[in-house]
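Below you'll find the structure, written out as structure tokens, and then a few comments.
The values are calculated or read from the model by the stated rules, or taken from the named source; none is laboratory data. Fair warning: this is a prediction, and the values are worked out from it, not measured in the lab. In this analysis, Cβ positions are derived from the backbone assuming ideal geometry, glycine residues included, and neighbour counts consider all displayed protein chains. The area values use the complete protein model at the heavy-atom level, side chains included, leaving out ligands, DNA and RNA. Shrake-Rupley method; radii C 1.70, N 1.55, O 1.52, S 1.80 Å.
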Amino acid sequence: MATITKRSEDYSKWYQELVIKAGLAEPSEVRGCMIIKPYGFAIWEKIQAYLDRRFKETGHQNAYFPIFIPKSFFSKEAEHVEGFAKEAAVVTHYRLKNSPDGKGVIVDPEAKLEEEYIVRPTSETIIWNTYRNWIQSYRDLPILINQWANVVRWEMRTRLFLRTSEFLWQEGHTAHETADEALAEARQMLEVYREFAENLLAVPVIAGSKSPSERFAGAIETFTIEGLMQDGKALQMGTSHFLGQNFAKAFDVKFLNRDGKQEYVWATSWGVSTRLIGALIMTHSDDNGLVLPPKIAPLQVVIVPIYKKTEQLEQITEYVQPIIKGLRAKGITVKFDNDNNKTPGWKFNEYELKGVPVRIAVGPRDMKGRSVEIARRDTLEKKTYPVDNVAEIVDNLLVQIQNDIFQRALDYRQKHTYYVDSWEEFKQRIEEGGFVLAHWDGTDETEARIKELTKATIRVLPVEEIKEQGKDLLTGKLSERRVVFARAY
RNA sequence: CGGGGUGUAGCGCAGUCCGGUUAGCGCGCCUGCUUUGGGAGCAGGAGGUCCCGAGUUCGAAUCUCGGCACCCCGACCA
């Protein structure tokens, strides 16, 4: 019997078991890397499909750059190299040969590369090195490109989806004439992410800026969307960076501007990763398994037949045909699970574990009463409905579930968001978990001190500013606005 | 990279302290029959380099030494 650890017993264990038992992913033989299984990948494909459409609607095109980046590229932007040096996978050789003792193969020492390659942890450097050749005048701008790719960051400690050594993501890299235009782009993409997180994933997020110490390596400004997980920890779900002219200067990318003068190009980059699947799980799921918002669920409706004899199964099969047809006509994905080797009870539990939003059960009782039993995954509520307009009922129900799941997550976040003005209360709230809105004097030193004392970091300076006079909790210095503190993944 | 823990069937574990028949148990898997409205029952069956290497011994899953891997907790990070 596949039961999972309760969240209240061990949240981390619950998470890992859920990922594995729901069939989303599993650890691999390669340290820190995961195997994304079909069910998990189907969720990623839904994420990709939605975002890809939004990127194109906002004027971007897809392209692809090499996975290997010459080592020298990294040294060109000082902060950037510092940010990624500690977790770089390096390619040093290009050939193997049979080992002298006849057992297996060894790296051929003769085949050492002149210059090592870094397996990309992110692609700014190779892309900006390329943009140099693409840009001569303001007429070549803007360049609006996105890449779907895998990247590698050699992390010390990994967790399925949340942090793996290799992960899948998209990275947008744009080049602009002016600072204002680049900033507007970075903000626009943040808004794309926010809308996507809330509407598709049903995960409420706070959008805003990072504090200087939390910025992307090489960025002037980093925007972020931050979610609050069920254990009270924050999760960064997407970032969008205004890179200023840093990479243009590092890679000497200039253009002739409208005044006929040479100027460095302005840049942005922005990305979200397979980590989003972790956010999805930790925001909505419960002790029975996954709870998937209908818009992201690979399978939205499952029909489970309940029968004694095979003739009964045949009758049910016929009985549900119009339902299946009706649902498909509305673009709803549906599966009729007529597997004879599993009992209905087993199937109920299995589809709850997998988070299928709606389950329809059909047995002799229903056929007699011209009805079906419809159960929703989020509330586990079951109701009987007439068979005639099931498609419409389910269609509405899916919308309802999507909204309810979002609302529930929002309620949770609001219940765990605190306005705090004293150091004692701050420590206590951080310990309990949640977002803590507090005043901050704006210095790196205070931020670092708070982190040291409480493990809390500034997650975000919200776009919708909470402007008011106040005093920093620790130093008592004046502050103009509240910022969001939390412990984070 | 520091502290702790664990490696025995596909998965979860017992056995290890105190060496000794043929290495067990639960789940899963296969076959058959009966079942099917919340993880079915019975019967039969398949499945093991006991993490790797060396040593001690008549004899090692068990003791000794060395190695490797993974997990958890910290520090670092999407």
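Data for the structure
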{"read-out": "Of all residues in the range A:372-381 being part of a loop (DSSP other than H, G, I, E, B) and surrounded by 14 or more Cβ atoms within 10 Å (Cβ to Cβ), the one that is farthest from RNA strand B (Cβ to nearest atom)", "value": "A:Asp378"}
{"read-out": "Selection count, the range A:11-57, where residues are assigned to a helix (DSSP H, G or I), at pLDDT 90 or above and either open to solvent by 10 Å² or more (accessible area, probe 1.4 Å) or outside the structural domain of A:Glu171 (by TED's automatic domain parsing) (or both)", "value": "14"}
{"read-out": "Within the range A:448-468, considering residues that are buried (at least 17 other Cβ atoms within 10 Å of the Cβ) and closer than 19 Å to A:Leu235 by Cβ, the one farthest from RNA strand B (Cβ to nearest atom)", "value": "A:Pro462"}
{"read-out": "Tally of residues being assigned to a helix (DSSP H, G or I), away from RNA strand B (no atom under 15 Å from the Cβ) and open to solvent by 50 Å² or more (accessible area, probe 1.4 Å) across the range A:319-371", "value": "5"}
{"read-out": "Single match in A:Ala217, A:Ala234, A:Ala184 (criterion: surrounded by fewer than 22 Cβ atoms within 10 Å (Cβ to Cβ) and at pLDDT below 95)", "value": "A:Ala217"}
{"read-out": "Qualifying position, being touching a His at 6+ places or on another chain (Cβ under 6 Å) and either farther than 30 Å from A:Ile47 by Cβ or in contact (Cβ under 8 Å) with a residue 60 or more places away in the chain (or both), among A:Ile145, A:Ile126", "value": "A:Ile145"}
{"read-out": "Failed item in (1) in the same structural domain as A:Leu276 (by TED's automatic domain parsing); (2) buried (at least 18 other Cβ atoms within 10 Å of the Cβ); (3) near RNA strand B (Cβ under 9 Å from one of its atoms), with A:Ile4 passing the rest", "value": "(1)"}
{"read-out": "Cβ-Cβ under 8 Å pairs, at least 6 apart or on other chains, the range A:35-46 side farther than 15 Å from A:Leu201 by Cα, far side open to solvent by less than 80 Å² (accessible area, probe 1.4 Å) and aliphatic (A, V, I, L, M)", "value": "A:Ile35/A:Ala25; A:Ile36/A:Leu24; A:Ile36/A:Ala25; A:Ile36/A:Leu168; A:Lys37/A:Leu24; A:Lys37/A:Ala25; A:Tyr39/A:Ala22; A:Tyr39/A:Leu24"}
{"read-out": "Residue identified as open to solvent by less than 10 Å² (accessible area, probe 1.4 Å) and closer than 30 Å to A:Lys325 by Cβ among A:Val394, A:Val436, A:Val420", "value": "A:Val394"}
{"read-out": "Residue check for A:Val302: surrounded by 14 or more Cβ atoms within 10 Å (Cβ to Cβ) and modelled with pLDDT of 95 or more", "value": "yes"}
{"read-out": "Residues of the range A:469-488 that turn out to be within 32 Å of the chain's Cα centre (by Cα) and open to solvent by 40 Å² or more (accessible area, probe 1.4 Å), as a count", "value": "3"}
{"read-out": "Sole exception among (1) surrounded by fewer than 17 Cβ atoms within 10 Å (Cβ to Cβ); (2) not assigned by TED's automatic domain parsing to the domain that holds A:Gly470 for A:Ile405, by number", "value": "(1)"}
{"read-out": "Matching option when the condition is in contact with a Ser or Thr (Cβ under 9 Å, 6 or more places away or on another chain), more than 16 Å from RNA strand B (Cβ to nearest atom) and in a strand (DSSP E or B), among A:Phe242, A:Phe223, A:Phe255", "value": "A:Phe255"}
{"read-out": "Candidate set from the range A:124-135 (those that are of a type outside the set (S, T, N, Q) and under 25 Å from the mean Cα position of the chain (by Cα)); member that is surrounded by the fewest Cβ atoms within 10 Å (Cβ to Cβ)", "value": "A:Ile126"}
{"read-out": "Residue satisfying condition, being under 16 Å from A:Phe167 (Cα atoms) and either touching a residue at least 12 places away in the same chain (Cβ under 8 Å) or crowded, with 19+ Cβ neighbours inside 10 Å (or both), within set A:Ile277, A:Ile281", "value": "A:Ile277"}
{"read-out": "Test: residue in the range A:106-123 that is open to solvent by less than 60 Å² (accessible area, probe 1.4 Å), closer than 26 Å to A:Gly278 by Cβ, modelled with pLDDT under 90 and over 21 Å from the mean Cα position of the chain (by Cα)", "value": "no"}
{"read-out": "Test set (1) part of a strand (DSSP E or B); (2) more than 16 Å from RNA strand B (Cβ to nearest atom); (3) not assigned by TED's automatic domain parsing to the domain that holds A:Val463 - A:Thr384 fails condition number", "value": "(2)"}
{"read-out": "Test: residue in the range A:307-314 that is under 23 Å from A:Val399 (Cα atoms) and either open to solvent by 20 Å² or more (accessible area, probe 1.4 Å) or over 36 Å from the mean Cα position of the chain (by Cα) (or both)", "value": "no"}
